[in-house]
Amino acid sequence: FPSMAQGEFHQLLKLSVKAGEILFFLTDVPIRLKSGTKLIVDNLIFYSDGRYEFIDVKGALTPVFLLKKKQVEDAYPLKIKIAKKKGKRWSIY
């Protein structure tokens, strides 16, 4: 994984699959815009209750990421959530 945080989050997702909270998840999901812009989201998670979420693991929010995130969210009916590790706990917002 490109970062330790992404590797740790991946392990949490695998545990959630074993626990039955998550059916499955995809990694490195490309989302393309008509302008040719592409954002690769770290995770697309499918939950047991039918929900799904796009979650990107970030240490820092760069201006380029925030711009692409806004463009994707403006173009499609989806929201990309951010996962950040604070100490030993994860925050998703």
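Strictly over 23 Å apart at the Cα level, which of K14/K34; K38/K88; K14/K86; K14/K68; K58/K88 would you flag in this model?
With Cα atoms farther than 23 Å apart: K14/K34; K38/K88; K14/K68.
Output the 0 to 90 degree angle, nearest 10, between the alpha-carbon long axis of helix 63-75 and the longest principal axis computed from the alpha carbons of the chain.
Taking Cα atoms only, the helix is inclined about 80 degrees.
With +1 on each Lys and Arg Cβ and -1 on each Asp and Glu Cβ, and nothing else charged, work out how big the dipole of the chain is about its Cα centre, in Debye to the nearest 20.
Here the size comes out at about 280 debye.
Contact order normalised by length for the chain, with contacts defined as Cα pairs under 8 Å and 6 or more residues apart; what percent is it?
Once divided by the residue count of the chain, the mean separation gives 21 percent.
In the chain, with Lys and Arg counted as +1 and Asp and Glu as -1 at Cβ, which of these residues, N43, A19, Y93, has the Cα nearest the positive end of the dipole, that is, farthest along it?
Y93
Report the calculated FRET efficiency for F1 and V29 (r = Cβ-Cβ distance, R0 = 25 Å), to the nearest 0.05.
E(calc), rounded to 0.05, equals 0.95.
FYI, it's all coordinate maths here, none of it is from the lab. This one's a predicted model, so the numbers in the text were calculated from it and none came from an experiment. Cβ coordinates were reconstructed from backbone atoms using ideal geometry, including for glycine residues, and neighbour counts include every protein chain displayed.
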